[in-house]
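Student: Please find one structure pasted underneath; my questions will follow.
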Amino acid sequence: MKIIVFDLGGTLMEFVGMPPTWIDYYRQGFQSIAQSLGGNVSDEDIDLSVEIMKAYNPRVNYREIEYTPEFIFEKALKHWDKGIELEKAIKTFFDGLNLNTIIYNDTIDMLKCLKENRYIICALTDIPSAMPDAYFKSTIENLLPYIDFYVSSQSCGYRKPNTHGIQLIADKYTTDIKNLIFVGDEEKDKKLAQKVGCSFYLIDRKNENSAADIHNMSELKFILKL
C-alpha cells in the first residue's frame, strides 16, 4: 500500500496575496461584521477584537492545540455586547477578507498521476486560525475529489508539528507511520516527519534556488519514479 500525505497551503494551493500570518487583515474582517451585523461598534471595540484574535494566532503565540472558531470568536466579540450569532459572524468575517484561492497548475496533474499509480492520497493541513473546516473545504472543492482522506487541524484538534493528525492517517490504513510519504512547505512539516520517522520532501515553490527537496510537482514525479 502506497500512501502519500500532502500539506495543502503552499504545497498544493494558496490563498492569493495572503501572508503566513493574517493579522493585518483582522481589522478588515471585524469591520465587515460591524457593518453587516453589529450596528454601532466603536473603533476601540474593533481594536480589542483584533488584539484578542492575535492572541489566538499560533504564529504569534505558539500552540499545537486547536481551538474551534466558535471559541475564538466568542472571546473576540463578547465585549461588543450585541448578541451577534457566532455562525453568521464567522462567515461574515472570512467573506470580508475577499479570499481568492488558486490550485497550482501542476497539482491536479500530479494527483491524477498518483491515482493512476495506485497511491492513496491524504491531506494533512493546518487551517488558518479560527476558520471553520467547512469554510476551508469550500475554497478547495476542486481538490477534494482526489483526496482519499482529509485531516485538518480542526478535524483532529491539533496543529503541526503535533503528531496526532498523521497518526490518524496511519491508523486509518493500519500501516506503520514510517511507511507514509509526507510533502509540505514549512519547517513544522519537516519537524513532524522527523518526529514520526516517515519520508519527507520539502517543497519551495517560491525560490528555485533554495535548498528544498523539490520546487514543483514534476520533480516529485521524478523522485517517486512515476
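The values are calculated or read from the model by the stated rules, or taken from the named source; none is laboratory data. Being a predicted model, the structure only gives us computed values, none of them experimental. A quick note on method: Cβ atoms are made from the backbone with ideal geometry, for glycine too, and the neighbour counts reach across all protein chains shown. SASA here: full protein model, heavy atoms, side chains in, ligands and nucleic acids out. Shrake-Rupley method; radii C 1.70, N 1.55, O 1.52, S 1.80 Å.
Student: Across segment 206-226, which residue is farthest from the chain's Cα centre (by Cα) among those that are over 22 Å from K115 (Cβ atoms) and not hydrophobic (A, V, I, L, M, F, W, C)?
Tutor: Filtering segment 206-226 for residues over 22 Å from K115 (Cβ atoms) gives 206-213, 215.
Remaining after also requiring not hydrophobic (A, V, I, L, M, F, W, C): 206-210, 213, 215.
Values: K206: 18, N207: 21, E208: 23, N209: 25, S210: 23, D213: 21, H215: 20 Å.
Filtering segment 206-226 for residues that are over 22 Å from K115 (Cβ atoms) and not hydrophobic (A, V, I, L, M, F, W, C), the one farthest from the chain's Cα centre (by Cα) comes out as N209.
Student: So which residues in segment 139-166 are assigned to a strand (DSSP E or B), open to solvent by less than 50 Å² (accessible area, probe 1.4 Å) and over 18 Å from M110 (Cβ atoms), if there are any at all?
Tutor: V151, S152
Student: Scan segment 196-226 for residues that are in contact with a helix residue (DSSP H, G or I) (Cβ under 9 Å, 6 or more places away or on another chain) and outside any loop (DSSP other than H, G, I, E, B) and jot them down.
Tutor: V196, S199, F200, Y201, L202, I203, I214, M217, S218, L220, K221, L224
Student: While we're looking at this one, here's another question. Give all pairs with beta carbons closer than 6 Å in which a residue from segment 96-114 that is modelled with pLDDT of 95 or more meets a residue that is of a type in the set (V, I, T) and open to solvent by 40 Å² or more (accessible area, probe 1.4 Å); count only pairs at least 6 apart in sequence or on separate chains.
Tutor: Correct list of pairs: N100/V16; I102/V16.
Student: In segment 125-135, which residues are in contact with a helix residue (DSSP H, G or I) (Cβ under 8 Å, 6 or more places away or on another chain) and either aromatic (F, W, Y) or open to solvent by 10 Å² or more (accessible area, probe 1.4 Å) (or both)?
Tutor: Let us first name the residues in segment 125-135 that are in contact with a helix residue (DSSP H, G or I) (Cβ under 8 Å, 6 or more places away or on another chain), namely 125-133, 135.
Those that are in contact with a helix residue (DSSP H, G or I) (Cβ under 8 Å, 6 or more places away or on another chain) and either aromatic (F, W, Y) or open to solvent by 10 Å² or more (accessible area, probe 1.4 Å) (or both): D126, P128, S129, P132, D133, Y135.
Student: So, one more: Quick one: would you say S210 is open to solvent by less than 70 Å² (accessible area, probe 1.4 Å), more than 16 Å from M110 (Cβ to Cβ) and at pLDDT below 95? Before the answer, list the steps.
Tutor: On the way: open to solvent by less than 70 Å² (accessible area, probe 1.4 Å): yes; more than 16 Å from M110 (Cβ to Cβ): yes; at pLDDT below 95: yes.
Here the answer is yes, as S210 does meet what is asked.
Student: Check G17 against each of (1) over 23 Å from N100 (Cα atoms); (2) under 17 Å from the mean Cα position of the chain (by Cα) and name the one condition it does not meet.
Tutor: G17 satisfies every listed condition except (1).
Student: If I filter segment 169-179 for residues that are under 14 Å from V5 (Cα atoms), part of a strand (DSSP E or B) and in contact with a Leu (Cβ under 9 Å, 6 or more places away or on another chain), do I get at least one hit?
Tutor: Checking segment 169-179: not a single residue is under 14 Å from V5 (Cα atoms), part of a strand (DSSP E or B) and in contact with a Leu (Cβ under 9 Å, 6 or more places away or on another chain).
Student: Another question about this same structure. Go through segment 54-81 residue by residue and tally those that are within 19 Å of N162 (Cβ to Cβ), surrounded by fewer than 16 Cβ atoms within 10 Å (Cβ to Cβ) and out of contact with any Phe, Trp or Tyr (no Cβ under 9 Å at 6 or more places or on another chain).
Tutor: Selection size over segment 54-81: 4.
Student: Among the residues of segment 1-23, write down those that are crowded, with 20+ Cβ neighbours inside 10 Å and polar (S, T, N, Q).
Tutor: Passing the criteria: only T11.
Student: Just to be sure I understand, how many residues within segment 178-207 are of a type in the set (G, A, S), surrounded by fewer than 18 Cβ atoms within 10 Å (Cβ to Cβ) and closer than 19 Å to M110 by Cα?
Tutor: Within segment 178-207, the first condition is being of a type in the set (G, A, S), and the residues that meet it are 184, 193, 197, 199.
Keeping just the survivors that are surrounded by fewer than 18 Cβ atoms within 10 Å (Cβ to Cβ) gives 197, 199.
From what is left, the residues that are closer than 19 Å to M110 by Cα are 199.
Total satisfying the criteria: 1.
Student: In the list I90, I84, I33, I46, which residue meets the criterion of being open to solvent by less than 40 Å² (accessible area, probe 1.4 Å), part of a loop (DSSP other than H, G, I, E, B), more than 17 Å from R159 (Cβ to Cβ) and out of contact with any strand residue (DSSP E or B) (no Cβ under 8 Å at 6 or more places or on another chain)? Give the steps one after another, and end with the answer.
Tutor: Working: I90 fails: part of a loop (DSSP other than H, G, I, E, B); I33 fails: part of a loop (DSSP other than H, G, I, E, B); I46 fails: part of a loop (DSSP other than H, G, I, E, B).
After applying the criteria, what remains is I84.
Student: I need the full set of residues from segment 1-15 which are at pLDDT 95 or above and not small (G, A, S), in order please. Outline the logic, then answer.
Tutor: Step one: filter segment 1-15 for residues at pLDDT 95 or above, giving 2-15.
Answer for segment 1-15, where residues must be at pLDDT 95 or above and not small (G, A, S): K2, I3, I4, V5, F6, D7, L8, T11, L12, M13, E14, F15.
Student: Looking at E219, is it modelled with pLDDT of 95 or more, open to solvent by 60 Å² or more (accessible area, probe 1.4 Å), out of contact with any His (no Cβ under 6 Å at 6 or more places or on another chain) and over 20 Å from P20 (Cβ atoms)?
Tutor: Details: modelled with pLDDT of 95 or more: yes; open to solvent by 60 Å² or more (accessible area, probe 1.4 Å): yes; out of contact with any His (no Cβ under 6 Å at 6 or more places or on another chain): yes; over 20 Å from P20 (Cβ atoms): yes.
Here the answer is yes, as E219 does meet what is asked.
Student: A further question on this structure: Contact list please: Cβ distance under 7 Å, first residue in segment 119-137 and over 16 Å from I65 (Cβ atoms), second residue open to solvent by 20 Å² or more (accessible area, probe 1.4 Å) and part of a strand (DSSP E or B), pairs at least six apart or on different chains.
Tutor: Going by the 7 Å Cβ cut-off, the qualifying pairs are Y119/K2; I120/K2; C122/F149; A123/Y150; T125/G9.
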